[in-house]
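Beneath this line is the structure, given in structure tokens, with notes to follow.
The values are calculated or read from the model by the stated rules, or taken from the named source; none is laboratory data. Small disclaimer: the values here were computed from a predicted structure and weren't measured. Here the Cβ positions follow ideal geometry from the backbone for every residue, glycine too, while neighbour counts run over all protein chains shown. Accessible surface areas use protein heavy atoms only, side chains included; no ligands, DNA or RNA. Shrake-Rupley method; radii C 1.70, N 1.55, O 1.52, S 1.80 Å.
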Amino acid sequence: MAELEIKSVSKSFGSVGVLSDINLKIASGEFVVFVGPSGCGKSTLLRTITGLETETAGDIFIDGKRVNDVDPAKRGTAMVFQSYALYPHMTVAENMGFGLKMAGEPKAIIRDKVGQAAAILRLEKLLERRPGQLSGGQKQRVAIGRAIVRNPKVFLFDEPLSNLDAELRVQMRAELIDLHRRLNATMIYVTHDQVEAMTLADRIVVLNGGIVQQFGRPLDLYDDPDNRFVAGFIGSPKMNFLDAVVLESGPDHVTLGKIGGSDRSLRLPFRSFDPSIKQVVLGIRPEHARLGESGADSVPVIINFAEELGDVTYLHGKTPGGSPMIIRSDKGRFGGQTDCHVAFDPGGIRLFDNDGRRLRADRN
Amino acid sequence: MNARRHLPHYAMVLPFALLFAAFFLYPIISGFYYSFHDWNAATEARFIGLANYEAVLKSRDFARAMTNLGIYIAITVPLGIAVALALALLVDSFTGFWANFFRSAFFLPVVLPAFLAATIWRWMYAPNFGLVNMVLGWFGMPSVNFLNDTGTMLYALIAVDVWVSAGFNMVILLAGLKNIPQDLYEAARLDGASRLQQVRYVTIPMLAPILFFVVTYGFISALQVFDVPWLLTGSSFTAYGGRRNALLFPVMDMMGRAFGAVRFGEATAYGFILTFVIILFTAVMFGLRAWRTPK
């Protein structure tokens, strides 16, 4: 269990910048998930922490000790790879004990520690098997076991569930949460799956283009995103974004028009709206949009198709301006009408400027 | 119906089958027949039972050739593979121009005709003015007659054969190295394995199937060693094997008995003894592999 601090870390491969000025402070025992689209730099950041990549600039501290120049094996980190990276010619026990063997530990101690980790992960009966004789989930557990045996200060997981089927993924997620509780270890987990991030993390780091977009608790990111990227990335189905123009604003409100290309307008409570802003993007999550009667504050939507999932139905449509729109309906079955009107819950509306920055009301 | 359907398949196999029958099958069968006969190609073959086999196995030259072969194999195969692996690891650590340069440079001896390789090395080993003796001279060491001193001849040959074969094995091992997933090395690095330990615990086990091929092929090639010692010693069918038969090998001995002494029956028996040794050895290798492969 250890605290991890990343200070102004940047990483380039030649002239290609991958990470830019990353600053994070991860508390001891915390489960932090790095999430972002492919190529956003999340795996590079993880590999930089563990020492498999060298940072171009900045410092990394584990338990207050600068580890930039410390060998990867001596940083006190253990990594679970996406491909599991199990040695195919070694048995499960040999795989799990390899790090201790390299450290020159006596065989009896290796056997004990491997046995303890195997008990935690219910691998006792598989210790003499080779990786080729294991299922995906079992391989995953062995890879985690190899990390546990090393008793690291920080566990690093690089998309460890991406090779598993959907059912096994859900099961392994629950096992990881349970493992984190039992070990109470600092864990960093990389994924591109925001559902995985939301379910596992104490806090989430959203990365895009090598830049930290937001670092916070899952529901804070969901409810209070700092920018359009985070708003769109976190949540499934994703947030709807509708272009709108600012018709007028006052000290405690703003009135938007041409919402989603429609002729409807909407007056929203908003303290100290910047009058220089003439165009905004209105963000609304599917659960904050509801089908209703035609009215001045509802936007017409043409429904293209419905996803009837049983407990909930998602209606996929388009506004008059062509913006895609998803509406959550708690009614099990959709009647089938195509022309609808959608009203917004004012508390669920988030506004962004044209550069994607969140527009926040003045709290004072 | 079935035969008619397969007719085109048989037709396509036929040219190869005919050539194989004419140039492989017939010589093998007739060779086996003559191995039990006294035959010099000019006179009628006379059945003599196992006398040819007995003559070969009891001859002093056969014992010498086999002894030379044993020493040669025991050193050449492991040394050749160790050198090839070292070169492959070296080339693998480079990228771009230097990787291509070293790969081509180390492969060059493989494409050299044997006579050219032997000529180069005869010059390198030449007493007094040869490159090797020149280098020895720089360190104040006396000149050595590598190809005429019975104490050095075999080792001089081994050096040439390692030089010639290393490039071929290197290319095969290099292809194997490229197939080892990088994350295994990264996992080993995180596990605290040094570069040497990564070679010991990751590279070599992961190369096992390719090493099996390289070792088996190396042994089979070594059992048939002929051209380089023949050329290094300037042998002919009547005088071969170098000074005091220090570079006498089975294939060379077989050729001498056939085309020098004109005892074709004895030479074919020699060939079948050698074939038996090669088959036996290959079977042992496959057996070992099956035993080592996890169930």
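Quick look at the values:
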{"item": "Selection count, the range B:90-126, where residues are open to solvent by less than 50 Å² (accessible area, probe 1.4 Å) and part of a loop (DSSP other than H, G, I, E, B)", "result": "3"}
{"item": "Index of the failed condition, B:ALA65 passing every other in (1) open to solvent by less than 70 Å² (accessible area, probe 1.4 Å); (2) closer than 15 Å to B:ALA156 by Cα; (3) modelled with pLDDT of 95 or more", "result": "(2)"}
{"item": "Residue, farthest from the other protein chains (Cβ to nearest Cβ), within the range A:97-124, restricted to residues that are small (Gly, Ala, Ser) and part of a helix (DSSP H, G or I)", "result": "A:ALA119"}
{"item": "Every residue from the range A:285-339 that is open to solvent by 80 Å² or more (accessible area, probe 1.4 Å) and in a strand (DSSP E or B)", "result": "A:ARG290, A:ILE302, A:ASN304, A:PHE305, A:GLU308, A:LYS318, A:PRO324, A:ARG328, A:ASP339"}
{"item": "Positions within the range A:322-335 being over 17 Å from A:ARG228 (Cβ atoms) and in contact (Cβ under 8 Å) with a residue 24 or more places away in the chain, in sequence order", "result": "A:GLY322, A:ILE327, A:ARG328, A:SER329, A:GLY332, A:ARG333, A:PHE334"}
{"item": "Residue that is most open to solvent (accessible area, probe 1.4 Å) [pool: residues in the range A:22-43 that are over 16 Å from the mean Cα position of the chain (by Cα) and under 22 Å from A:ALA231 (Cα atoms)]", "result": "A:ASN23"}
{"item": "From the options B:GLY256, B:GLY271, B:GLY287, residue that is more than 14 Å from chain A (Cβ to nearest Cβ), open to solvent by 10 Å² or more (accessible area, probe 1.4 Å) and touching a residue at least 12 places away in the same chain (Cβ under 8 Å)", "result": "B:GLY271"}
{"item": "Of all residues in the range A:185-208 being closer than 19 Å to A:GLY41 by Cβ and of a type in the set (Asp, Glu), the one that is surrounded by the most Cβ atoms within 10 Å (Cβ to Cβ)", "result": "A:GLU196"}
{"item": "Which numbered condition B:ILE180 misses (of (1) within 14 Å of chain A (Cβ to nearest Cβ); (2) touching a Pro at 6+ places or on another chain (Cβ under 9 Å); (3) hydrophobic (A, V, I, L, M, F, W, C))", "result": "(2)"}
{"item": "Some residue of the range A:76-85 being away from chain B (no Cβ under 11 Å), assigned to a loop (DSSP other than H, G, I, E, B) and either at pLDDT 95 or above or crowded, with 20+ Cβ neighbours inside 10 Å (or both)", "result": "no"}
{"item": "Number of the condition not met by B:LEU131 [criteria: (1) open to solvent by less than 20 Å² (accessible area, probe 1.4 Å); (2) more than 18 Å from the chain's Cα centre (by Cα)]", "result": "(1)"}
{"item": "Residue in the range A:229-277 that is nearest to A:CYS40 (Cα to Cα), counting only those that are among the polar types (S, T, N, Q) and in a loop (DSSP other than H, G, I, E, B)", "result": "A:SER236"}
{"item": "Candidates A:VAL230, A:VAL245, A:VAL280 - the one that is free of Cβ contacts under 8 Å to residues at least 40 places away in the same chain and crowded, with 19+ Cβ neighbours inside 10 Å", "result": "A:VAL230"}
{"item": "In the range A:61-71, residue farthest from the other protein chains (Cβ to nearest Cβ) [restricted to those that are surrounded by fewer than 19 Cβ atoms within 10 Å (Cβ to Cβ) and more than 24 Å from the chain's Cα centre (by Cα)]", "result": "A:GLY64"}
{"item": "In the range B:22-41, residue surrounded by the most Cβ atoms within 10 Å (Cβ to Cβ) [restricted to those that are of a type in the set (A, V, I, L, M, F, W, C) and more than 12 Å from B:ARG263 (Cβ to Cβ)]", "result": "B:PHE36"}
{"item": "The listed residue being more than 23 Å from B:THR216 (Cα to Cα) and surrounded by 11 or more Cβ atoms within 10 Å (Cβ to Cβ), out of B:LEU57, B:LEU79, B:LEU87, B:LEU7", "result": "B:LEU57"}
{"item": "Residue count for the range B:223-267, restricted to those that are part of a loop (DSSP other than H, G, I, E, B) and within 22 Å of the chain's Cα centre (by Cα)", "result": "15"}
{"item": "The range A:271-286, residues that are closer than 15 Å to A:GLY348 by Cβ and at pLDDT below 90", "result": "none"}
{"item": "Verdict on A:VAL142 being more than 10 Å from every other protein chain (Cβ to nearest Cβ) and buried (at least 16 other Cβ atoms within 10 Å of the Cβ)", "result": "yes"}
{"item": "From A:GLY260, A:GLY235, residue being more than 26 Å from the chain's Cα centre (by Cα) and either open to solvent by less than 40 Å² (accessible area, probe 1.4 Å) or modelled with pLDDT under 95 (or both)", "result": "A:GLY260"}
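Table: residues versus (1) modelled with pLDDT under 95; (2) open to solvent by less than 20 Å² (accessible area, probe 1.4 Å); (3) within 14 Å of chain B (Cβ to nearest Cβ).
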position: A:LEU45; (1), (2), (3): no, yes, no
position: A:ILE49; (1), (2), (3): no, yes, yes
position: A:ASP59; (1), (2), (3): no, no, no
position: A:ALA73; (1), (2), (3): yes, no, yes
position: A:ASN95; (1), (2), (3): no, yes, yes
